[in-house]
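Colleague: Have a look at this one.
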Amino acid sequence: MLEPAFFNRDARTLARALLGKVIRRRYQNTWLACRIIETEAYYLHEKGSHSSLGYTEKRKAMFMPAGTIYMYYARGGDSLNISAKGKGNAVLIKSGFPFFDQISPEKNLAIMQKLNPVKGSGRPRKKETLCAGQTLLCRALNLKVKGWDQKSFDPELFYFEDTGERPSHIIKTTRLGIHPERDAHLMQRFIDYDFARYCTRNPLTRREAKEGRDYFIS
């Protein structure tokens, strides 16, 4: 389990460091898991952040110690964030990819698919799209605002882990869903290059996007 000290770093640095880390969530005595493949960094001083609108009880977690869980409702679903170093700074877990090992065996995929079926039809969602978005990820892992906002990680129920997975390269680009007048130009979205085709929006496949202008690879 990642300790609070891991999260006590600059939001952009933390957003990059979280790529490849594994989210573990206990559900009915079974451990569900996914690898983090896309993150976004947010700061108190920039207009795209919730905290820039000021302290409220709803945004309290962003002002709490690094490593505090901040969850809110986005597009009708739950969204997972973690506070970073400095009051009002945080990282959004934008998307993930199902992860399997001895703790979280592949048979658990069926449980995640049952938790997050295709809207409207109820059909099982494909593994590749199961956690491809902040609300999809939370549904697949049964993470709820009411249960986890302003809480700390719990080794018996929900935590982040370093299993040794590392991105070969990291893509840096602009965040999604940010109004043009709210610092939409800031390149604070980070993607695991090896899983870019499974992220929320892959900049590598956008016809008009150019490396060195719209995204950078390191």
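The values are calculated or read from the model by the stated rules, or taken from the named source; none is laboratory data. On a predicted model such as this, the values are computed, not experimentally measured, just so you know. Note that we place each Cβ from the backbone using ideal geometry, even for glycine, and neighbour counts take in every protein chain shown.
Colleague: Determine whether region 56-66 contains at least one residue that is surrounded by fewer than 18 Cβ atoms within 10 Å (Cβ to Cβ) and either without any contact (Cβ under 8 Å) to a residue 12 or more places away in the chain or under 14 Å from the mean Cα position of the chain (by Cα) (or both).
Modeller: yes
Colleague: Something else: Of the numbered conditions (1) surrounded by fewer than 20 Cβ atoms within 10 Å (Cβ to Cβ); (2) more than 25 Å from Lys119 (Cβ to Cβ); (3) in contact with a Lys or Arg (Cβ under 7 Å, 6 or more places away or on another chain); (4) not basic (Lys, Arg), Ser51 satisfies every one except a single condition; which is it?
Modeller: Here Ser51 meets the rest and fails (1).
Colleague: Got a number for residues in region 26-46 being within 19 Å of Ile82 (Cβ to Cβ) and of a type in the set (Phe, Trp, Tyr)?
Modeller: So the answer is 2.
Colleague: Looking at Lys172 and the list (1) of a type in the set (D, E, K, R); (2) assigned to a loop (DSSP other than H, G, I, E, B); (3) out of contact with any Asp or Glu (no Cβ under 6 Å at 6 or more places or on another chain); (4) surrounded by 14 or more Cβ atoms within 10 Å (Cβ to Cβ), which single condition is not satisfied?
Modeller: (2)
Colleague: Since His185 meets every condition but one in (1) in contact with a Ser or Thr (Cβ under 9 Å, 6 or more places away or on another chain); (2) assigned to a strand (DSSP E or B), which condition does it not meet?
Modeller: (2)
Colleague: Residue check: is Ser152 touching a Ser or Thr at 6+ places or on another chain (Cβ under 7 Å) and touching a residue at least 40 places away in the same chain (Cβ under 8 Å)?
Modeller: It is true that Ser152 is touching a Ser or Thr at 6+ places or on another chain (Cβ under 7 Å) and touching a residue at least 40 places away in the same chain (Cβ under 8 Å).
Colleague: Please state which one of Arg201, Arg207, Arg213 is in a loop (DSSP other than H, G, I, E, B) and either at positive phi or surrounded by 13 or more Cβ atoms within 10 Å (Cβ to Cβ) (or both). Break it down stepwise before answering.
Modeller: Values: Arg207 fails: either at positive phi or surrounded by 13 or more Cβ atoms within 10 Å (Cβ to Cβ) (or both); Arg213 fails: either at positive phi or surrounded by 13 or more Cβ atoms within 10 Å (Cβ to Cβ) (or both).
Exactly one residue qualifies, and that residue is Arg201.
Colleague: Can you tell me which residue within region 27-48, out of those that are under 19 Å from Gln134 (Cα atoms) and among the acidic types (Asp, Glu), is surrounded by the fewest Cβ atoms within 10 Å (Cβ to Cβ)?
Modeller: If we take residues in region 27-48 being under 19 Å from Gln134 (Cα atoms) and among the acidic types (Asp, Glu), then Glu40 is surrounded by the fewest Cβ atoms within 10 Å (Cβ to Cβ).
Colleague: Another question, then. Do we find a residue being closer than 30 Å to Glu106 by Cα and in contact with a Leu (Cβ under 8 Å, 6 or more places away or on another chain) anywhere in region 40-49?
Modeller: Yes, some residue in region 40-49 is closer than 30 Å to Glu106 by Cα and in contact with a Leu (Cβ under 8 Å, 6 or more places away or on another chain).
Colleague: Separate question: Being part of a helix (DSSP H, G or I) and more than 24 Å from Leu176 (Cβ to Cβ) is true for just one of Ile103, Ile111. Which residue is that?
Modeller: The match here is Ile111.
Colleague: Given the options Leu141, Leu80, Leu115, name the one that is on the phi < 0 side of the Ramachandran plot, modelled with pLDDT of 95 or more and surrounded by fewer than 20 Cβ atoms within 10 Å (Cβ to Cβ).
Modeller: Leu115
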